[in-house]
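Worksheet for the structure shown next.
The values are calculated or read from the model by the stated rules, or taken from the named source; none is laboratory data. The shown structure was predicted, so the numbers you read here are calculated from the model rather than taken from an experiment. Glycine gets a Cβ as well: all are built from the backbone with ideal geometry, and neighbour counts include every protein chain shown.
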Amino acid sequence: MKRVAKKVAVPIFISLILLLGTFLRLHQIGSKSLWLDEACSLSRAEKAFLPMIKDIAKNDAHPPLYNALLHFWVYEGRGEGWMRGLSSLFGILTILVIYKFASFLFGRRVGLISALIIAFSSYQVFYAQEARLQTLVTLLILLSLYFFYRSLKEGRTVFWLAFILFTILSLYTFFYSFFILLVENIFFFLNFKRYRNAFKIFIISQIGILLLFLPWMPVLAQRMQLAGVRHSFSPPFSTLLSNAWRTFSQFTLGYSVLGESRPEILLGTLVVLAFLFLSLLRAFKERNLLLLKQKNILLLLWLFLPLLAALLIPLKVHSFQSKHIIFASPAYYILIALGLTKLKSHKVSAALLLTLFALNLVSLHIYYLRDFVKEDWRSAAKYVEENSQPRDLILFHPNYIGFAFDYYYGGNLPRVGIHEKDILEKSPKLTANWKRIWLVQDFSPVSRPSREVKDWIEENYDMIQMKEFPGINGKIVAGLYSISLSSR
């Protein structure tokens, strides 16, 4: 009777968890303005397919799979909510896959708790409501590892083929997916004695993956050459510790609650992180079960190898952000779930899970508020449109931010992206033809305006008005200038 009850209860629980995750990922999905990277995704996705692929190969830091999927997705609609719905779909599927994987590793109880944690995670919701590749690469790497482990355990050809498929798809989504290929290789050779019978097919699968990625290998080589690596391979220990702490804090509670300074929220955050750390330690208390140790090794490699690699060898073009290794976060959630099931007191375990749930709800509440935006291009475009005159000129700096502005701008003023190297060459034409100029600048991790453009405009024009539009990624500044008397 109990077995029958469990068989009925598990599908109900996972269905409820999926409903919760779906609601959180779709709630107010279109309410916030696109930010620069999302607008870039849309701009590329709206091109014809082959020109889009060529543009990505030439100009994008990432492989083409996400934009290729978005290309067909936005064919049916263009609003912010619809555009972000593709990422939400991947995020919802991730809940189901982490349940399957964690259940296969440690049983249904760990699977259900892992699925619940990732379902209400404000960090995961944040990226499920962003039209970028993060939820896709997380899903694909989960599937790659799931079928990799099942292939080793069961040896079925269909699982090896699925492993090759999802691994290559992850590589065509995000270059950092190579870290997971490294994880899988290290795990295999650490456990070579146990899986020696699978050596031949494992090597064939690795060769197959590399051959399938060969068409994009020249692009990867070009990207590595252009980006290079930082001169120092060993950042200060304090920097490594700070980045690691920030990564795990964001995996646990997202972004918004961590920015709160209220004592009760800070105290609750510290308490839950401390208890989660203790529960993680409990996950490794089993000493006599070799199989359990192997599973833990896989999770630890999955969690820490990408983190260490991203911290120690960052590309010059990227400052480290936790989203670069978001695909490692499911390992963290599974380890937490495993630790919670190992706590002696079920009451403490339940209380910790409820506290984690409550803090993530607080984080989500803050995130859903209208003023919690990444970049507010919607308001910036509206401000310029409402305060402009027919013969104004709009300048964008840096020169590549125009597509974010243009998505929301409904006027017909001429708009020009300008580079600091061009400002002196184009300045006579600007001063001759335009009495008023709008300068729109974006200050964010992916957009760093130089001083030259603004300095030249302030030397030749008088400021009439200016407004800043802050967001968590940085700020947009829109300034209106009128030609000065000295320049006439």
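If the requirement is being of a type in the set (Val, Ile, Thr) and touching a strand residue (DSSP E or B) at 6+ places or on another chain (Cβ under 6 Å), which of these qualifies: Val362, Val348, Val373?
Matching residue, one of Val362, Val348, Val373: Val373.
Would you point out the residue of region 460-473, among those that are touching a residue at least 24 places away in the same chain (Cβ under 8 Å) and over 15 Å from Lys32 (Cα atoms), that is surrounded by the most Cβ atoms within 10 Å (Cβ to Cβ)?
Applying the filter and picking the extreme gives Tyr461.
Which one of these is closer than 23 Å to Pro11 by Cα, among the polar types (S, T, N, Q) and free of Cβ contacts under 8 Å to residues at least 24 places away in the same chain: Ser103, Ser114?
Answer to the check: Ser103.
What number goes with the only condition from (1) in contact with a Lys or Arg (Cβ under 6 Å, 6 or more places away or on another chain); (2) crowded, with 23+ Cβ neighbours inside 10 Å that Ile336 does not pass?
Among (1) in contact with a Lys or Arg (Cβ under 6 Å, 6 or more places away or on another chain); (2) crowded, with 23+ Cβ neighbours inside 10 Å, the lone unmet condition for Ile336 is (1).
Do any residues in region 168-180 that are over 14 Å from Pro64 (Cβ atoms) and in the same structural domain as Asn67 (by TED's automatic domain parsing) have Cβ atoms under 7 Å from those of residues that are part of a helix (DSSP H, G or I) and among the basic types (Lys, Arg), where the two are at least six apart or on different chains, and which pairs are they?
Every condition considered, no pair remains.
Being part of a helix (DSSP H, G or I) and modelled with pLDDT under 85 narrows it down to one residue among Ala274, Ala331, Ala350; which is it?
Result: Ala274 is the single residue among Ala274, Ala331, Ala350 that is part of a helix (DSSP H, G or I) and modelled with pLDDT under 85.
Would you be able to say whether some residue in region 390-409 is more than 20 Å from Glu468 (Cα to Cα) and either surrounded by fewer than 19 Cβ atoms within 10 Å (Cβ to Cβ) or in the same structural domain as Lys32 (by TED's automatic domain parsing) (or both)?
yes
Here's the yes/no breakdown for (1) under 19 Å from Lys323 (Cβ atoms); (2) touching a His at 6+ places or on another chain (Cβ under 7 Å); (3) of a type in the set (A, V, I, L, M, F, W, C):
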residue: Leu24; (1), (2), (3): yes, no, yes
residue: Lys54; (1), (2), (3): no, no, no
residue: Leu69; (1), (2), (3): yes, no, yes
residue: Trp82; (1), (2), (3): no, no, yes
residue: Leu89; (1), (2), (3): yes, no, yes
residue: Ala115; (1), (2), (3): no, no, yes
residue: Ser122; (1), (2), (3): yes, no, no
